[in-house]
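Everything below concerns the one structure shown next.
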Amino acid sequence: MNKYQAEIVGGITGAVVTAGCLALTAGAGSVGCAALGGAAAGAATNLWKSKVQKTQKFSWGSLARDTVVGGAIGALTEGLWSVAAPVVRGGTAAVAAAASRASGALTSGARAAAATAAQPGRDGGGGRGRPGAGQLLRLGGEGVSAVNSVPASTVRFSQSSVNGVAEIEASMRANGWVGDAIDVVRMPDGGLTSLDNTRVLAAKRAGIDVQATIRGFDDALPSSLVGRFTTTKGGAPSTWGDE
C-alpha cells in the first residue's frame, strides 16, 4: 500500500474533481471534466511523491509534465469509453457469470500462499511481528519478508569504495528508489549495515529513503547466498552477521 500511496491519493483527487465538474455541468462536459480530473490526479500524485513521501525531488517542470499527461490521459480515456461503452454493456452479463465461476475456483495452493502471507514477518530488530507502518511484503526463496523505508543516512557501508554511483543517483533523483529492496543487517550495536553499498550511497546523495529488508545479525543466511559471500579467508558464512 505504501508503494502506491501517491497513486491512490492522485486517483481519489481526480475522481473528486471529475465528479464535481460533472455535477456543475450536468454531465454535458464529460470529456473536459475527465481531462480536468486527470490533470488534478497527475498533479496530486507528483506533489505527494515529492512533498510527502519524498521519493523524488520537486520541480516545476515535472509537476507541469505530470499535470499535462494526466489531463491528456483523462480526456483520452473518456473519449475511448464513449465509443466502447455499448460493447462493454453488451458483455456485462457474460463477465458477471465468468466472475461468479472464478470466485469458487480458489485452489488449495492459493489458499496456502494466502496463509503464508498472513503469518508474522520479521520486524526491524530481527524478531517476529506483523509488518508495521512503512513496510511492504516481499516474496522470496525464504518466504515473506517485510520491506522497510529507511533513511539513507542511518545505513552504514560495508565497503570503503563503490563504483557506478552517478548514473543510479541521477535515476533516483528523477524517479525515486531503483530496483528491489536491499538487504541490511541489524548489528549488535543496533546500527544497520548495508550489503548493497552503491545504491545506499546513490540514495543518500539523491535525498531519498532506502528500501530495505532488515536482517538480524544472528539470522541464518539463505543457502542461495552462501556461495556469494564465501571467501578463502573467512570461509562459508552461516548467518547474516558472518559476512
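Please treat every number below as a calculation from the coordinates, not as lab data. Being a predicted model, the structure only gives us computed values, none of them experimental. Ideal geometry is used to build each Cβ from the backbone, glycine not excepted, and the neighbour counts take in all protein chains shown.
For a straight C-alpha distance cut-off of 29 angstrom, the lysines reachable from LYS204 (same-chain residues fewer than eight places away being disregarded) are LYS3, LYS49, LYS51, LYS54, LYS57. The protection proxy used here, the mean number of other Cβ atoms lying within 10 Å of each residue, ranks peptides 209-221, 178-190 as follows, highest first: 209-221, 178-190. Other residues with beta-carbon under 15 Å from the beta-carbon of VAL165 carry, at +1 per Lys or Arg and -1 per Asp or Glu, a net charge of +1. Here the gap between PHE217 and ALA15, fully extended at 0.36 nm per residue and compared with their Cα-Cα distance, gives a gain of 68.1 nm. Segment 1-75 and segment 160-201 have their alpha-carbon centroids 31 Å apart.
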